[in-house]
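Presented below is the structure to which this report refers.
The values are calculated or read from the model by the stated rules, or taken from the named source; none is laboratory data. Just so it is clear, the structure is predicted and the values come from calculations on it, not from any experiment. All Cβ positions, glycine included, derive from the backbone under ideal geometry; neighbour counts span all protein chains shown. Accessible surface areas use protein heavy atoms only, side chains included; no ligands, DNA or RNA. Shrake-Rupley method; radii C 1.70, N 1.55, O 1.52, S 1.80 Å.
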Amino acid sequence: MKKRLMALACVAVLTLGMSMTALATNPSVQAGIVTGVEGAKDKEGTSAKVIVEAIHDNHEHDEEKDYISTEANVKKELANLKVEVKTGEKVQVLDVKNVEIEGDASLVKFPLTITFKVNGIKAGDKVILLHYVSDAKGWEKLDTITGNGTVTATFNSLSPVAFIKLADAKAPATGEPISLMLAGAVVALGTVGTVVSKKRK
């Protein structure tokens, strides 16, 4: 009976592990990847208060978020902006946020350089920000500098921003460590089952 329970537990963990991997590689937006702002300074070096917020249902930018949240549309925009996506390179939409000045926006002298807190990002990762410019009715590409848990970019205006990661298809997607932990749990369960079985003999 205990052997059957152990087998069922292993199957459950494996199933959960596979579902987490599928979520990690899904091009849809992964909420909570961009958690806030580490700092922001305008062209005069003055610190600015910037907030990043989720784009909720019935928000004025829902249409833009829905559009840029799919891999096909992101690739289309990158192609229009002459951004090369190498063969075998995967495009991952990490998050889409609305970025705004907190307080009196007229006091901020653009361009504004913002450092975002982004979970799962390491220095050297290839991250592109697509910024929606309402006046131009389209998306612009912003160059970035990545650090451990940060992405920095310079803006001439603020509005919805899509955080896009380009990575080799063999590289683990953001969130992949969870699946590795689950795999470890499977191994641990298997080891326990083996020990219990030997003791019974």
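Annotations for the structure displayed:
- The single condition from (1) closer than 14 Å to residue 37 by Cβ; (2) assigned to a strand (DSSP E or B) that residue 158 fails is (2).
- Residue list for the stretch 122-142, filter: of a type outside the set (Gly, Ala, Ser) and farther than 23 Å from residue 61 by Cβ: 122, 125, 126
- Cβ pairs under 9 Å, 6+ apart, first in the stretch 106-135 and more than 15 Å from residue 33 (Cα to Cα), second open to solvent by less than 50 Å² (accessible area, probe 1.4 Å) and basic (Lys, Arg): 126/165
- The stretch 147-169 - residue that is among the β-branched types (Val, Ile, Thr) and either over 17 Å from residue 97 (Cβ atoms) or over 13 Å from the mean Cα position of the chain (by Cα) (or both) and, of those, surrounded by the fewest Cβ atoms within 10 Å (Cβ to Cβ): 154
- The stretch 43-60, residues that are surrounded by fewer than 16 Cβ atoms within 10 Å (Cβ to Cβ), in contact with a strand residue (DSSP E or B) (Cβ under 9 Å, 6 or more places away or on another chain) and in contact (Cβ under 8 Å) with a residue 12 or more places away in the chain: 43, 49, 51, 53, 54, 59
- Considering the conditions (1) more than 23 Å from the chain's Cα centre (by Cα); (2) at pLDDT 95 or above; (3) at negative phi, residue 45 is excluded by exactly one of them, (3).
- Test: residue 33 is over 19 Å from residue 149 (Cα atoms), within 17 Å of the chain's Cα centre (by Cα) and buried (at least 18 other Cβ atoms within 10 Å of the Cβ): no
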